[in-house]
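So the structure is just underneath, and the comments pick up after that.
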Amino acid sequence: ATTTTTTPPQNSSLYVGDLDREATEASLYELFSQVGPVASIRVCRDAVTRRSLGYAYVNYNSALDPAAAERALEALNYTPVNGKPIRIMWSHRDPAFRKSGVGNIFIKNLDKDIDNKALHD
């Protein structure tokens, strides 16, 4: 018998989307370090203008706290940063996973009152 888990094994990397363009590594560190030992944070920026692209990666030190990333995903998803709720997902760096057919579902024509959190709930 096999067991299924939503947590990828040994994954301590999170994708943080819907990020306010003014959010910084320092502000994200302040938030995410409340949950566990942060190893690194990278706000992705345009190569020329250096403006934020609206997403970041947060990596936890899984050797010190293997459950920190999962706690952050549960506790901080949809937390406002600079007044805008962030969306947190597991970061999948392995191209085989991204090409596996497991993917996103896109839903359009929703009522204006339905945001990411309402859809998630």
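The table for this structure:
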{"quantity": "Proximal charge balance of ILE114 [Cβ under 13 Å; K/R count +1, D/E count -1]", "calculated": "-1"}
{"quantity": "Sorted largest first, extent of segment 2-93 alpha carbons per principal axis (Å)", "calculated": "47, 24, 21"}
{"quantity": "Solvent-accessible area of THR49 with every protein chain in place, 1.4 Å probe, in Å² to the nearest 10", "calculated": "90 Å²"}
{"quantity": "ALA63/SER27 FRET efficiency (R0 22 Å; Cβ-Cβ; nearest 0.05)", "calculated": "0.30"}
{"quantity": "Simple spin-label estimate for ASP46 and LEU119 in nanometres, 7 Å along Cα-Cβ", "calculated": "2.5 nm"}
{"quantity": "Using a Förster distance of 25 Å, the FRET efficiency for LYS108-LEU53 (Cβ separation, nearest 0.05)", "calculated": "0.65"}
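The values are calculated or read from the model by the stated rules, or taken from the named source; none is laboratory data. Quantities reported herein were computed from a predicted structural model and do not represent experimental measurements. Cβ: placed from backbone, ideal geometry, glycine included. Neighbour counts: every protein chain shown. Surface areas here come from the heavy atoms of the whole protein model, side chains and all, with no ligands, DNA or RNA. Shrake-Rupley method; radii C 1.70, N 1.55, O 1.52, S 1.80 Å.
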